[in-house]
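Read-outs: derived from the displayed coordinates by stated rules, not from any lab. Everything quoted here is computed from the prediction, not taken from an experiment. Neighbour counts run over all protein chains shown; Cβ positions are idealised from the backbone, glycine included.
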Amino acid sequence: MKSRILRLFGSSTPAAPPPAAIERARALHQQGQRDAAAALYREILETHPRNAEAHYRYANLLKDQGDLPAAVAHYDRAVALEPDHAHAHCNRAVALGLSGRLPESLASYDRAIAIDPADVIALCNRGVLLIGLGRKDAALASFDQAIAHDAGCFPALFGRAALLQERKAWDESLATYDRAIAVNPADPLAHYNRGTVLKELGRWNAALTSFGRAIAVKPEFYLAHAASAEALQALNQWPAALASYDRAIALNAADPSTYNNRAVLLQRMGRLRPALADYDRAVAAKPDYAEAWFNRGTVLKDLEEWDAAVASYDRAIAARPGYADAHLNRGVTLQEMGHLEEAIASIRRSLSLAPQLAEGHYNLALASLTIGDFATGWAEYEWRWRAKGGSIYREARHFAQPLWLGEDDLGGKTVLLYGEQGLGDALHFCRYVGMVAKLGPRIILEVPRPLLEICARLPGVAQVLPYGAPLPPFDCQCPLMSLPLAFKTRLETTPAPAAYLVSAADKVAAWQRRLGAKLRPRIGLVWSGKQVAGTNRKRHFPLASLLPFLGGDFDYFCLQTEVAAGDLETLAAAPGIAQFQGDLHSFDDTAALCDCMDLVISVDTSVAHLNAALGRKTWVLLAFVADWRWMLGREDSPWYPTMRLFRQQGPGDWTGVFSRVAAALRVEFDRQSGAASVDHPTTR
């Protein structure tokens, strides 16, 4: 939202009354009888050509009629006859300004003010003219002079507040708008501008009140309705915000920014198709609207219409070649499409335009790691701490102890290693703990509480703590996901031990007793990660879609601790899949159950990492373009020797994955049976 500034050009009136004939002509002018007034002025000037007041009054009429050259000529005659006629100089300046002759207009205002330094109208108009000339410091001084002579001069207060707002002097601007509104509470623009200042201060409720007052004064003020919508959106009052956008569009259907802003709201509400329609309206109204093309790209990306998203980002870049975020999002979309080299080029272009763009560095890290460029990837991955918000935001830990990244000798020291992201990430990178231990320090390991027991058996760990527990003294620290950088890990040097986690022998024995004699191969299943809002479709599918592909001569076990409501119904109808959700209290329990399986089949979840870290046979079902750690096109993993990857051949193609898994199962266990139901009895 931009503040608006009043047009301050206007006429002054002389202090002294004119002669009777001139007064009659002036009265006719004021009554709207301009032709009669003009005829009378010409009659007066025919007989009194040297009457300065008649020239001045006639010039005012000509100015109001739009005949600016003639008006200026008569003002010129008036000031030639009466050089100290301040009002003639002031109104001459108005006519010159309206004619675009700004330097001459300024000189005329200066002359009027020199004659009458207290002429607040001349001072206000001069301030507006100076803004047009780009001389904003001088404009502010002119408004201040007017206010010094008349503390209640609304145009000067308004102009001053608007200039301070432009300078981002929010508090001073707000105070000046308050003074202006106290003088003229019926001015809708002052209320609107005050609201825009409050918005910048983050005072959304107060801003909404100001916009409401602007609307109360001028119900058809569409900008105030649009601004109210923005405030309501910020206050998470989305239905009310949508209604305000609708009202703004009803009042002015030609403003592309309102369509763009309503689309942003619709996108946040998950109404992607209506949002796309609004973005289309915005760019149709303004084909070079870079922000709307950019936003349109984001909704198309959410809809997984990758080609169209890239085309939209291309239009944003064409409209604004230096649009770093558009280059970045274009690169991220190309990443999603599997076009990694092109993606990296686009991301690097964004960084050439905005070198401190944390999201750009982070996505460059992911793309580089995906193609096996670990040298670039691990270095760029450190930018994860610098994001200000959004999906990549990581809250940095602030320690007095230094960060260790491999340079300093750790012999005899105590080092804190800590997880920072999900359970799967901690399981994946705790493989480095043993490597750190070989350097001679005492290791304190901080991990999520469900990992405490399983991580306590890592070699070299002196103490394992859950997140948030008080920390004992230590000498240096390093997050787990920075350890590949510390050890200068390259693709060819990826640490991939056959197993680096060990389950609890007593728990394994307990599970073996509970499961009883093994009559068929045991297959552990994980088809979704933690059930949270917006679960990523890349790591989740309905259990019912997998069941037709599961052969009937295996025993199946659910290894998930959380199961969606729909999947619970599926499980109830498929008793051949054993469930133990209530008995898996930690990853130590899950690890012991995994050790009883012949194979675990899982989407990209923490259980897949756990099972592979135990050295157990693990098949991972991956989306068309999966997480960076699984790279591109590989059926194996450089991180886990016992892991096999089954990738979608096209976006969303889980059916093809299931078919290949079913065939692989028959080969793996030398079974000839086809797919069958899994409702056979299972030992529990």
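So what are the ³J(HN,Hα) numbers for the range 583-589, from phi and the Karplus equation (6.51, -1.76, 1.60; θ = phi - 60°), rounded to whole Hz, Gly and Pro as x? Ordered by residue, 3J(HN,Hα) equals 10, 9, 8, 8, 5, 5, 5 Hz.
With all distinct Cα pairs included, what does the Kirkwood hydrodynamic radius of the chain come out to in Å, to one decimal, could you say?
Details: mean 1/r = 0.0319 Å⁻¹.
Roughly 31.3 Å, rounded to one decimal.
Think of the range 414-493 as a dipole: +1 on every Lys or Arg Cβ, -1 on every Asp or Glu Cβ, centred on the Cα centre; then among A426, L465, A486, A486 lies furthest on the positive end.
Work out the charge dipole of the chain with +1 on the Cβ of Lys and Arg and -1 on the Cβ of Asp and Glu about the Cα centre, then indicate which of L622, P542, G322 is farthest towards its positive end. Positive-end residue among those listed: P542.
Pairing the Cα long axis of helix 505-515 with the longest principal axis of the chain, what angle in degrees results, from 0 to 90 and rounded to the nearest 10? Value to nearest ten degrees: 80.
A cut-off of 5 Å between modelled amide H atoms, ignoring neighbours fewer than 5 places along the same chain, links G551 with A676. When you restrict to C-alpha pairs under 8 Å that are six or more residues apart and normalise by the size of the range 316-464, the relative contact order lands at 13 percent.
Working from Cα positions, state the angle (0 to 90°, nearest 10) between the long axis of helix 102-115 and the longest principal axis of the chain. Tilt of helix 102-115: around 60 degrees.
Under unit Cβ charges (Lys, Arg +1; Asp, Glu -1), what dipole magnitude, rounded to 20 debye, does the chain have relative to its Cα centre?
Working: 73 positive and 73 negative charges, 76 e Å.
Value, rounded to 20: 360 debye.
When the charge dipole of the chain is built from unit charges on Cβ atoms (+1 for Lys and Arg, -1 for Asp and Glu) and taken about the Cα centre, the candidate among Y222, L369, A496 whose Cα reaches farthest toward its positive end is A496.
With the Cα gyration tensor of the range 129-180 giving a ≥ b ≥ c as the square roots of its eigenvalues, does the rule (a/c under 1.5 for rounded; else a/b larger than b/c for prolate; else oblate) give rounded, prolate or oblate? Taking the square roots of the gyration eigenvalues as a ≥ b ≥ c, the range 129-180 is oblate. Backbone phi angles across the range 215-228, fed through the Karplus curve with coefficients 6.51, -1.76 and 1.60 (θ = phi - 60°), yield HN-Hα couplings of 5, 4, 6, 9, x, 8, 6, 5, 4, 5, 5, 5, 5, 4 Hz in residue order; Gly and Pro are listed as x.
Evaluate the charge dipole of the range 505-668 about its Cα centre and quote only its size in Debye, nearest 20, assuming +1 on the Cβ of each Lys and Arg and -1 on the Cβ of each Asp and Glu. Don't skip to the end; give the middle numbers.
Values: 18 positive and 17 negative charges, 61 e Å.
Using Cβ point charges on Lys, Arg, Asp and Glu, the range 505-668 gives about 300 debye.
The residues neighbouring L266, those whose beta-carbon lies less than 10 Å from its own, together hold a net charge of +3 under the Lys/Arg +1, Asp/Glu -1 convention. Near the amide H of S528, within less than 5 Å, lie the amide hydrogens of V603, all on another chain or at least 5 residues away, with H placed in the peptide plane. Normalising by the residue count of the range 414-493, find the relative contact order in percent from Cα pairs under 8 Å and 6+ residues apart. After rounding, I find 42 percent. As a rough guide to protection, the peptides 438-445, 251-258 ranked by mean Cβ packing within 10 Å, highest first, stand as 438-445, 251-258.
Might you report the magnitude of the Cβ-based charge dipole of the range 414-493 about its Cα centre, with Lys and Arg at +1 and Asp and Glu at -1, to the nearest 20 debye?
Roughly 220 debye, rounded to the nearest 20.
Listed from fewest to most Cβ neighbours within 10 Å, the set E46, E291 follows the order E46, E291.
Oblate is the label for the range 489-606, because a/c, from the alpha-carbon gyration tensor with a ≥ b ≥ c as root eigenvalues, is 1.5 or above and a/b does not exceed b/c.
Within a 10 angstrom radius of the beta carbon, how do R273, R348 rank from fewest other beta carbons to most?
Details: R273 9, R348 15.
With the fewest neighbours first, R273, R348 line up as R273, R348.
For the chain, the relative contact order is 7 percent, taking Cα pairs closer than 8 Å that sit 6 or more residues apart in sequence and dividing their mean separation by the residue count. Decide, for the range 586-673, between rounded, prolate and oblate: order the square roots of the alpha carbon gyration tensor eigenvalues as a ≥ b ≥ c, take rounded if a/c falls under 1.5, and otherwise choose prolate if a/b is larger than b/c, else oblate. Oblate, since a/c reaches 1.5 and b/c is not below a/b.
Can you sort M435, M481 from fewest to most other Cβ atoms within 10 Å of each residue's own Cβ?
On the way: M435 17, M481 21.
Going from sparsest to densest Cβ surroundings: M435, M481.
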